[in-house]
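What follows is a short report on a single structure.
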């Protein structure tokens, strides 16, 4: 601590200890705690206490107040825990009964102050910080604090309850590790006393038939297996596995979500990586007995794990695919779809109600989208029927699918105009583009047709339209992915021709989100298709670029930023290669750069500062595009050359069109 801080610290402590000086903002306390943590990490906490006795006096003064400020008391508890994390500082504070006064029965535990959530939170955080050595562990065991921690598992504050679970897991881990001479064995009489007590309480809670108590114990076990992956955790599991299995067979099952979290935390641990481990038997049972809304997250988590047995992953994938098969068969009963399992009665029940149908399909679509980003699946993925089912879902959402069963008719009524399902289905459709090379021409036609429907539909919400644009880009081949097939080439070319008028229409939208999405799509399309001449010819023959230039003066700053990016992208790509548009008439590209640079240079000083790196990035982009500065052409270039489209240039000195640009969109 430097000299100025050491001189100011006594005054700060005096103010904090004075109840007549309430704090209106506690952020200064958080910064003060961070400062003390930094000092302790770089020096001796005991030396800090000895050189600054005002710190100990502050703690004692606040603890002795009859009605202290809860915020200050919570701060003092956390501060005490930070200093007591060192065993030497712990002993120093114990001599003045500071630790006992903060965390023992003489402290807030036995007073009315305990009713304040911030004080309970400060106590939990302070004890958690302190538990770094055996002296602190002994103090907790001997002071009766363990009973308090168990009680706080059911605290009405989720923040306090979560902290209590983390603290209890840390106590259990410390209990085992602090007595290495008493290694865990199958006989619990050989376990440390604190370990035996905690495990006995966990077992009692799991057998109590009380949903709340069982939840607390399962959450504790989840935290334990997440933070410790030593071999002794497998021995602990062997003791409680039978009790956990009995929870799966209870009716009704009230702890499904907690069991899913527990199984996933264990499945990620190397201690349970053996395929013969009893864990996998319970996981398979859970996939059968849990409700579909609960087993979905479990199936997704298992598909992401390389150590998961293949049979379990196949079972999990089948669960995720069941509703998709139900939807697909509801619109085409005469076809067989290998890879899609038959739907169960529980699936049909969920899809028969509007509320459960929408939420269940959204969850399923989101999970299947995540599966597409798993690097290497250990199971065969039926992407072809899944693509058809996603297209069918999107058709149901706009009333294009023809139901052939009463259930499908219900599903169709539920999904028409449902933006939530539309967004989720378009997200999955875009993710399924990873299988584009193995998709048949017929399915590809269906994909492009349904995308055009959503891009053209006036009923598409801005969020849905954005998802449709994103999915479109993923299904368009990039320069490196260009197909040699003449049919594919003509299909993509025709799709782009159909899409450009849609893009023009969207740039006229009264919704700024739609205009912004259209500009973003234009920018990304130019990047993705930069090497395909036919695209540039179609783009230059359309009205898209003049419309984008007009949006430089849009009243919404997000749209203006996107317009600069789109036109800057065109300028950059047009000058990067002599074969790209603009190479035959380099001066025309300078006109584009002049417009963009003039706009940038017309910014007032405060707007340029507010735009910061965004504006600088735009300026650098335009300079890379051709090398002009402030719109003045280089030697040998004419300023009167006609641009590829008619420019309405913004002259230097005109009002700023880029004030308050808030969105850092440039990704070059």
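Values for this structure:
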quantity: Gain on full stretching of the segment that runs from residue 493 to residue 28 - 0.36 nm per residue minus C-alpha separation; calculated: 161.4 nm
quantity: Calculated Rg and Dmax of region 144-254 using C-alpha coordinates, Å; calculated: 13.8, 43
quantity: Set of region 238-264 residues, backbone N closer than 17 Å to the point 7 Å along the Cα-Cβ line of residue 229; calculated: 262-264
quantity: Where labels lie 7 Å past Cα in the beta-carbon direction, separation of residue 141 and residue 419 in nm; calculated: 5.9 nm
quantity: Separation between Cα centres of region 1-52 and region 491-533, rounded to whole Å; calculated: 57 Å
quantity: Kirkwood hydrodynamic radius of region 229-268, Cα pairs, Å; calculated: 11.0 Å
quantity: Contact order normalised by residue count of region 133-277, Cα under 8 Å, 6+ apart, percent; calculated: 21 percent
quantity: For region 226-377, radius of gyration divided by Kirkwood radius, i.e. Rg to Rh on alpha-carbons; calculated: 1.00
quantity: Region 393-440 and region 86-137: distance between their alpha carbon centers, rounded to Å; calculated: 57 Å
quantity: Inter-probe distance in nm under a simple model that places probes 7 Å from Cα toward Cβ, at residue 67 and residue 375; calculated: 6.1 nm
quantity: D (Stokes-Einstein, µm²/s), Kirkwood Cα radius, region 249-293, 0.692 mPa s at 37 °C; calculated: 293 µm²/s
quantity: Modelled FRET efficiency - R0 56 Å, residue 541 with residue 356, Cβ distances, 0.05 increments; calculated: 0.65
quantity: Length added when fully stretched, residue 197-residue 178, from 0.36 nm per residue minus Cα-Cα; calculated: 5.3 nm
quantity: Whole-number percent relative contact order across region 344-424, with pairs defined as alpha carbons under 8 Å at least 6 apart; calculated: 39 percent
quantity: Spin-label model distance (nm) - residue 344 vs residue 402, 7 Å beyond Cα toward Cβ; calculated: 3.4 nm
quantity: Highest average packing first - 70-77, 109-116, Cβ atoms within 10 Å; calculated: 70-77, 109-116
quantity: Pairwise FRET efficiency - residue 246 versus residue 158, Cβ, R0 = 22 Å, nearest 0.05; calculated: 0.20
quantity: Expected-Rg normalisation [2.2 N^0.38 Å, Cα atoms] applied to region 331-475; calculated: 1.00
quantity: Segment residue 409-residue 459, length gained on full extension (0.36 nm per residue, minus Cα span); calculated: 15.9 nm
quantity: Förster radius 60 Å - calculated FRET efficiency between residue 95 and residue 274 (Cβ-Cβ, nearest 0.05); calculated: 0.75
quantity: Computed over region 13-122, the ratio Rg/Rh where both radii use C-alpha atoms and Rh is Kirkwood; calculated: 0.94
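No value in this document is a laboratory result; all are computed from the given coordinates. Values in this document were obtained by computation on a predicted structure and should not be read as measured data. Ideal geometry is used to build each Cβ from the backbone, glycine not excepted, and the neighbour counts take in all protein chains shown.
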